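Heads up: the structure comes next, in structure tokens.
The values are calculated or read from the model by the stated rules, or taken from the named source; none is laboratory data. Given the structure is predicted, the values throughout are model-derived calculations rather than measurements. Note: ideal-geometry Cβ built from the backbone for every residue, glycine included; neighbour counts use all protein chains shown.
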Amino acid sequence: MAHRRKSAFTCAILALICGGCTTEKAPPTVMWLSPQSTVHLQEGDALGLKFSISDPAPERGTTEAASWRVTIGTEAGVTWWTTSGNVSAAPALDTIETTWQVPAAPAGSAGSTALLLSAICTDGEGQTGADFGTLTLTSTPLASLGLWWAEGPSEYGFGFADPQVNTLPETYPGPGVPHQMVHLDGQDLIVSGTTEAQGWPLSNGIPSTEPAWSVVPSATTTGQIRFVRRAPFEYTGASWAAVGWSDRCTWLDANGLTMKTWLLNPDEQLIDACVAAGQMVLLARTDANDLRMIRFNLDNAARLESVTWTPQAAGSAGPNGNAWLILKQDLPAALEADGTLRLWGSNGGATPLSTLDFPGSGAVIRAGQLTEGGSWAERDESLFCANDLSPLGTWNGAIYHVTIDRTSGNFWLLSGSDNERLWWALEPSFDPIGDPIPAGTGTTTGCIAHNRPGPL
């Protein structure tokens, strides 16, 4: 009996002790400070978000620091954007500020999209406090603004035609030397590339007579610019120009400001560049005339790794040899002049390169990537290939450049000869549509302009 009384007393003491250790705490509270009412947004806006968190001290026991999360999504529960962080240990009264960069509406849809805004705080005990709001995103219908190209050699300016109106080209003064160009969607700006990058504003569809800005990254950046393209929207959220220089690849905004840059070593000369699996990849030629692919961090530009080899194709050997950078299922691949493909796998190791053959026969004259995925090459028969390099279609003639109209999915192909170059509209099946548009005999690049950036 005494043993039973002792056990009961011990249990009572333990219960009292454990009860005294139990945390008792009120949940946190959350309040939106901005926005406090429905906000109407346009694509490309920067929405400032601000809310307060009050996390009270526990009435008994101890607690861990709280965390917060902001989420923006549709009424159907699809999350568009989220961000999170921690608050100070309780008791805490914190004000959180962050910014949401408004993207393009999915699939380029027009009209209004209702969005829900939530701020949630979770304390150390798993208790939550929340506040909610609403947003309305107004999407501008995607529209084509005509075809622009780098005119030459008689004028070395800009060529233009609106295929929806007629196929009669217009020419405008521009750079006085051979150049490449791209129109920055939604910016009313053409970026041209010679030995320097220049921004040419458009007013009522007509280029200015002088560039608004000119850029050369450094005194050591010399020679003809390798390429001028649109930087991929999924990594920029805006329309930027990707410019390939002798010693680097740079992304410029519409004001000519350098947004990102990836620099080569002194013994490397740039050939081509692209984004593969969320990393920037540069194809370069070394002073020893080897070819080299280099991976860089897309955000901080840190050099990660490289792979080097000696090209076996005669047309790719030497300081003036040809090579191109394409993708095979999001892996970078260097294409040599005889159709040999050097695929850089993701596993690295002692033999990171796999040797494959690009479809087709004969020497590769020109090659490149299709804007929305896939690749093309001019050989004995010009080919269009899917992401896995399976053939999609053919073209009986030369290919100098390919661009896409995002409103229709149609391609525009620059073909012809050195005496007469023509722009052909191609259906997604690569069948030609209608009559071609004459281009300058020195034309090498061009693009369809659109009223806003973003994906299809």
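Summary of computed values
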{"quantity": "Count - residues of segment 68-101 that are surrounded by 14 or more Cβ atoms within 10 Å (Cβ to Cβ), of a type in the set (V, I, T) and outside any strand (DSSP E or B)", "calculated": "1"}
{"quantity": "Near pairs, Cβ below 6 angstrom, 6+ apart or cross-chain, from segment 130-149 (small (G, A, S)) to any residue that is modelled with pLDDT under 85 and surrounded by fewer than 19 Cβ atoms within 10 Å (Cβ to Cβ)", "calculated": "S139/S109; S139/A110"}
{"quantity": "Breaking point among (1) within 26 Å of S54 (Cβ to Cβ); (2) buried (at least 18 other Cβ atoms within 10 Å of the Cβ), for E125", "calculated": "(2)"}
{"quantity": "Search result, residues across segment 27-44 that are modelled with pLDDT under 90 and surrounded by 14 or more Cβ atoms within 10 Å (Cβ to Cβ)", "calculated": "V39, L41, E43, G44"}
{"quantity": "Selection count, segment 158-189, where residues are over 20 Å from R229 (Cβ atoms) and among the small types (G, A, S)", "calculated": "2"}
{"quantity": "Residue within segment 409-430 that is assigned to a strand (DSSP E or B), within 14 Å of W149 (Cβ to Cβ) and touching a His at 6+ places or on another chain (Cβ under 7 Å) present", "calculated": "yes"}
{"quantity": "Counted residues, segment 309-327 - those being buried (at least 21 other Cβ atoms within 10 Å of the Cβ) and out of contact with any helix residue (DSSP H, G or I) (no Cβ under 6 Å at 6 or more places or on another chain)", "calculated": "6"}
{"quantity": "Qualifying residue in segment 386-394 (condition: surrounded by 22 or more Cβ atoms within 10 Å (Cβ to Cβ) and either β-branched (V, I, T) or touching a His at 6+ places or on another chain (Cβ under 7 Å) (or both))", "calculated": "no"}
{"quantity": "Residues of segment 212-227 satisfying the condition of being of a type in the set (A, V, I, L, M, F, W, C), touching a strand residue (DSSP E or B) at 6+ places or on another chain (Cβ under 8 Å) and closer than 23 Å to N265 by Cβ", "calculated": "V215, V216, I225, F227"}
{"quantity": "Matching residues in segment 300-341 - criterion: being part of a loop (DSSP other than H, G, I, E, B) and either in contact with a Lys or Arg (Cβ under 8 Å, 6 or more places away or on another chain) or touching a residue at least 40 places away in the same chain (Cβ under 8 Å) (or both)", "calculated": "A301, P319, G321, N322, Q329, D330, G339"}
{"quantity": "Members of segment 251-262 that are surrounded by 19 or more Cβ atoms within 10 Å (Cβ to Cβ) and in a strand (DSSP E or B)", "calculated": "W251, L252, K260, W262"}
{"quantity": "Failed item in (1) more than 24 Å from the chain's Cα centre (by Cα); (2) at negative phi; (3) at pLDDT below 95; (4) of a type outside the set (D, E), with G318 passing the rest", "calculated": "(2)"}
{"quantity": "Positions within segment 289-308 being surrounded by 14 or more Cβ atoms within 10 Å (Cβ to Cβ) and hydrophobic (A, V, I, L, M, F, W, C), in sequence order", "calculated": "L291, M293, I294, F296, L298, A301, V307"}
{"quantity": "Search result, residues across segment 46-67 that are closer than 14 Å to Q101 by Cα and surrounded by 14 or more Cβ atoms within 10 Å (Cβ to Cβ)", "calculated": "L47, L49"}
{"quantity": "Flag if E420 is of a type outside the set (S, T, N, Q), in the same structural domain as A238 (by TED's automatic domain parsing) and out of contact with any Phe, Trp or Tyr (no Cβ under 9 Å at 6 or more places or on another chain)", "calculated": "yes"}
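Each row is one residue, and each column tells you yes or no for (1) in a loop (DSSP other than H, G, I, E, B); (2) of a type in the set (S, T, N, Q).
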residue: Q224; (1), (2): yes, yes
residue: A238; (1), (2): yes, no
residue: C249; (1), (2): no, no
residue: C274; (1), (2): no, no
residue: A288; (1), (2): yes, no
